[in-house]
1. Could you pull out every one of the aspartates and glutamates with an alpha carbon less than 18 Å from that of LYS118, ignoring same-chain neighbours closer than 8 positions?
2. From Cα pairs below 8 angstrom and at least 6 apart in sequence, can you work out the relative contact order of the stretch 151-192, rounded to a whole percent?
3. I want to check the label-to-label distance for TYR245 and GLU296. Put each point 7 Å from Cα in the C-beta direction and report it in nm to one decimal.
4. Are there trypsin sites (Lys or Arg not before Pro) in the stretch 101-176 that DSSP puts in a loop and that have at most 14 other Cβ atoms within 10 Å, and which ones?
5. Compute the separation of the alpha-carbon centres of the stretch 272-314 and the stretch 165-243 and state it in Å as a whole number.
6. Any idea what Rg and Dmax come out to for the stretch 265-309 if you just take the C-alpha atoms, in Å?
7. Pop the C-beta distance of ILE306 and GLU285 into the FRET formula with R0 = 22 Å and round what comes out to the nearest 0.05.
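Values quoted throughout were computed directly from the atomic coordinates according to the rules given, and no laboratory measurement underlies them. Just so it is clear, the model here is predicted, and its values are computed rather than measured. Note that each Cβ is placed from the backbone with ideal geometry, even for glycine, and that neighbours are counted across all protein chains shown.
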Amino acid sequence: MAVATDPKRRALGKGLESLLPSRPAAAAAPPPAAPAAPVAKIQAAAEEAPTGKPLEVAVEMIERNPFQTRTRFDEGQLEELAQSIAATGVVQPIVVRALGKGKFQLIMGERRWLASKKAGKTHIPAIVRAVSDEQAMEMTIVENLQRADLNPMEQARAYRRLADEFKMTQEQMAVRTGMQRASVANFLRLLRLPEGIQGKVEAGELSFGHAKILLGLDSGEAMTAAAQKVMALSMSVRATETYVYGLMNPESKAKKEKPVEVVDPNVKEAEDRLRRTLGLKVKIEDTKGRGRVIIEYARLEDFDSILTALGATD
């Protein structure tokens, strides 16, 4: 049975392929990994064939990616991956770039690298790419978006770095990452939230949907106060939308909460009798035996009918 493919995932995959240099298709069954080569030999191979087959690189010679957009890793999942790597090795090579003097910088695969160190591995299979800072950052963002590992604030800061450090427009960022431009804009708007609320979004205590609604308020103080109530009452996104709308439109809330007017049955009966007699809309406002009678008319003929009924004609 065919499995449906998410269009967003296809777009993201295409975006990632556009950042990676083309390479020939792999053979049906790759040969077993060769023993780790000396650092000098690995460096020379990286410089001569940056898009070649995976090399066994010493884990201590790899530096963390400075463009990494994830700041949180699930320790439980990392431990599970370490156990898997200890048993079967790294199935998918990481991607690095050569820094010189036998050192490499991680581009993609930080979880595999960290888990390999946890598993006590001394070497890890790595594909060496010759890429610029901009390409390395783009590849990191796209990989993480494909894995859905970034929380909303991490994504927002990643897009901000693309804008600030590489002068990309929202349209360019959308094309490079396979996202809609409106989605990129929404992530960037999250950076307008007070730092306290950003921390709650990053920790998962407030969702992306909650955050977008809170941004409708006109000050950081109002956003913070509203966020505190939303969390205290465990409001859903829908309930938060209603709550924030009421804060932004107090007159609408007051009108909605206006108590229902209780009409005396005798007054109601009198209204009905006059309405039937005159054939017009009649409203009696009565307060403890005092008030007024309001008769509405739309034509001159209706007014004449009122005068006749009151005996006020000549």
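1. Counting by Cα, and skipping residues close in sequence, LYS118 has these aspartates and glutamates nearby: GLU56, GLU60, GLU63, ASP74, GLU75, GLU79, GLU80, GLU110.
2. Here the relative contact order equals 51 percent.
3. A separation of 2.6 nm, rounded to one decimal place.
4. LYS101, LYS167
5. After rounding, the separation between the Cα centres reads 57 Å.
6. 11.2, 34
7. 0.80
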